[in-house]
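Report on the structure given below.
The values are calculated or read from the model by the stated rules, or taken from the named source; none is laboratory data. Keep in mind it's a predicted model, so treat the numbers as computed, not measured. Ideal geometry is used to build each Cβ from the backbone, glycine not excepted, and the neighbour counts take in all protein chains shown. Accessible surface is based on the protein model in full, side chains and every heavy atom, while ligands, DNA and RNA are left aside. Shrake-Rupley method; radii C 1.70, N 1.55, O 1.52, S 1.80 Å.
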Amino acid sequence: MRTTPTSPAPSWDELVTAALLGTDRRTPPGAAPGRTAPAALLDAAAAETVRRRAGLRPGRAAPRPEPAPADPRPTLPAPAARRLALLLADRPGTGGTGRRGTAPDLMELLPQWLAAANARGFAPPAEALPALLDAARGRTDLRAPALRFAGPRALWLARLNPEWRFVLRAAPGGDASLPGPEESGRVEKLWQEGLFAERVALLASLRSRAPDTARALLESTWPTERAEDRLMFLDSLRTGLGERDEPFLEAALADRSRNVRATAAELLSALPGSALAARMAVRAGACVAVDHTGDTPTLVVKAPHECDAGMERDGVASRAPVGRGERSWWLGQLVEAAPLGAWPARLGGRTPEQIVALPVDDDWLGELHAAWCRAAVRQRDAAWSRALLGRPSSPGAGGPGAVSLAERAKLLSTLPVGERAEWVAGFIAAHGLSEAFQLLGVCAVPWAAPLGRAVVDALNIARDAGSYPWSFSGVMGLAERCLDPSEASRLDALLAVPDEPEDASPGAGGYWAEAFQRLGTTLRLRAVMAQELGDAPP
């Protein structure tokens, strides 16, 4: 299509309209109708395209992102950096057959590796950060150690990629940017103007370093906070809880929110010297006594007949859950909140072991012991925990405390690390591994030598019994992560495929040999990982 110098160029819209309608129905502007019209339309479109592109004004350049903050921590040793890349490249479920083979599960070792790297204060290589954040996005259990290891540059990256927004929620402002107790101006500004998550993070950070400062900050705005916010803020006082918190918590018993009142009462009951604990001791003591009229001293229980206003103010919930009697519900709350140190004086100077061993009348034993268990965990009372746990070799569901496995695990958490491992080792030696998984979960890593030996011996016994190893897959997975790497040599004797007895599961011996080989390989790999991060203990 030719146009004269004086004829205006067709607009782009006119050309598009002609193309859509067809040149038979709409002759392109400045072209003759007929067979040459399509070519004229294309010529005009090409010319207009060139003109539009040539006349396009360049857009304004976007501002360059701020440089990433510096990370003052030392960088990883080169072997450890290569190991991190391997751990992050591993993906679960690649086998698809359910059979794990003899290769270690690298992704399961990543949490332990992160903990070791954080303990030694290393910073990750910059190029590892995207994969590290992707791993943290996929596994919530990795987030806390992964974000701590990623450091301040994780926040910088998260602001540039929407897929990593969880980092901003998990670490609002970043721990490094939170002011310390000595920075009163920044503390006040963030507390007054920060988002809720930022304020929670600030309060938790202050509470861990200066409990009184954190409580004073909370008190300064307490009446103006929303009920749901008050509950979250109050929960942060669990860290560093002490006697100086009592006046504030006692005042919170009169809060408008029932949940706030209940949390305040729970915190006060964890302070054996508090006024609330004393009131609860009087109420609970009135319900339990020793009866000496029979041949054997026996505990008699008289549960309260009502939940009065004073009990409700002190955090006792008046309405029982469905299927539970009100009197037993109230009794359990009173005993749970009463200081354990008051019971020996109330029950004839007996020790916790002697009290727990007393028979209980009228089927109140379960309710009473369960409440004492909750009290022992809440008050972190090791003496009562030992009494309620009983001997690890006790038969059945429990020792003198007759507590469940879940309650035992909580009680174990109050004992010193060594005593905890010794008790669980004794339990495994007496009862095997079938019920040990929950108890093993509260033991310190790496497992102490007696506990490690007990687990390996029990696995060996299970193999000889002819069962399949995946019946113990949970314990085997824990062993791979928690057994001391020095135990690897003990596993060498278990790698051979044993002769199968007639009643054994077909092929079980081969599967056990494979499982033990994987366990040994994993332990040796963990030893190498520790060496790569530095032989010196953190």
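Numbers for the structure displayed
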| read-out | value |
| --- | --- |
| Matching entry among Glu48, Glu66 (being modelled with pLDDT of 85 or more and either open to solvent by 90 Å² or more (accessible area, probe 1.4 Å) or among the polar types (S, T, N, Q) (or both)) | Glu66 |
| Count of residues meeting criterion [over 27 Å from Pro446 (Cβ atoms) and buried (at least 18 other Cβ atoms within 10 Å of the Cβ)] in the stretch 110-136 | 2 |
| Residues of the stretch 143-163 that turn out to be more than 15 Å from Ala119 (Cα to Cα), open to solvent by less than 50 Å² (accessible area, probe 1.4 Å) and in a helix (DSSP H, G or I), as a count | 6 |
| Helices (runs of 4 or more DSSP H) fully within the stretch 330-426 counting 1 or more residues that are closer than 26 Å to Gly310 by Cα, open to solvent by 20 Å² or more (accessible area, probe 1.4 Å) and of a type in the set (A, V, I, L, M) | 343-346, 365-378 |
| The stretch 243-254: number of residues that are farther than 17 Å from Trp191 by Cβ and open to solvent by less than 20 Å² (accessible area, probe 1.4 Å) | 4 |
| Total residues in the stretch 273-295, condition part of a loop (DSSP other than H, G, I, E, B) and surrounded by fewer than 18 Cβ atoms within 10 Å (Cβ to Cβ) | 6 |
| Residues of the stretch 423-479 that turn out to be polar (S, T, N, Q) and under 23 Å from Ser394 (Cβ atoms), as a count | 2 |
| Cβ pairs under 8 Å, 6+ apart, first in the stretch 183-205 and in contact (Cβ under 8 Å) with a residue 24 or more places away in the chain and over 16 Å from Arg230 (Cβ atoms), second part of a loop (DSSP other than H, G, I, E, B) and open to solvent by 30 Å² or more (accessible area, probe 1.4 Å) | Val187/Pro181; Glu198/Gly173; Ala201/Gly173 |
| Output for the stretch 51-62, where each listed residue is open to solvent by less than 90 Å² (accessible area, probe 1.4 Å) and either within 17 Å of Pro28 (Cβ to Cβ) or outside any helix (DSSP H, G or I) (or both) | Gly55, Gly59, Ala61, Ala62 |
| Residue among Val475, Val497 that alone is of a type in the set (A, V, I, L, M), open to solvent by less than 30 Å² (accessible area, probe 1.4 Å) and either in a loop (DSSP other than H, G, I, E, B) or under 22 Å from Phe427 (Cα atoms) (or both) | Val475 |
| Residue list for the stretch 234-264, filter: in a loop (DSSP other than H, G, I, E, B) and free of Cβ contacts under 8 Å to residues at least 60 places away in the same chain | Thr239, Gly240, Leu241, Gly242, Ala254, Asp255, Arg256, Ser257 |
| Among (1) among the aliphatic types (A, V, I, L, M); (2) out of contact with any Ser or Thr (no Cβ under 8 Å at 6 or more places or on another chain); (3) assigned to a loop (DSSP other than H, G, I, E, B); (4) open to solvent by less than 80 Å² (accessible area, probe 1.4 Å), the one test that Val322 misses | (4) |
| Candidate set: the stretch 20-42, residues that are outside any loop (DSSP other than H, G, I, E, B) and buried (at least 16 other Cβ atoms within 10 Å of the Cβ); chosen: the one farthest from the chain's Cα centre (by Cα) | Ala37 |
| Those residues of the stretch 212-233 which are assigned to a helix (DSSP H, G or I) and open to solvent by 40 Å² or more (accessible area, probe 1.4 Å), in sequence order | Asp212, Thr213, Ala216, Glu219, Ser220, Pro223, Thr224, Glu228, Leu231, Met232 |
| Residue in the stretch 447-454 that is more than 28 Å from Ala115 (Cα to Cα) and open to solvent by 50 Å² or more (accessible area, probe 1.4 Å) present | no |
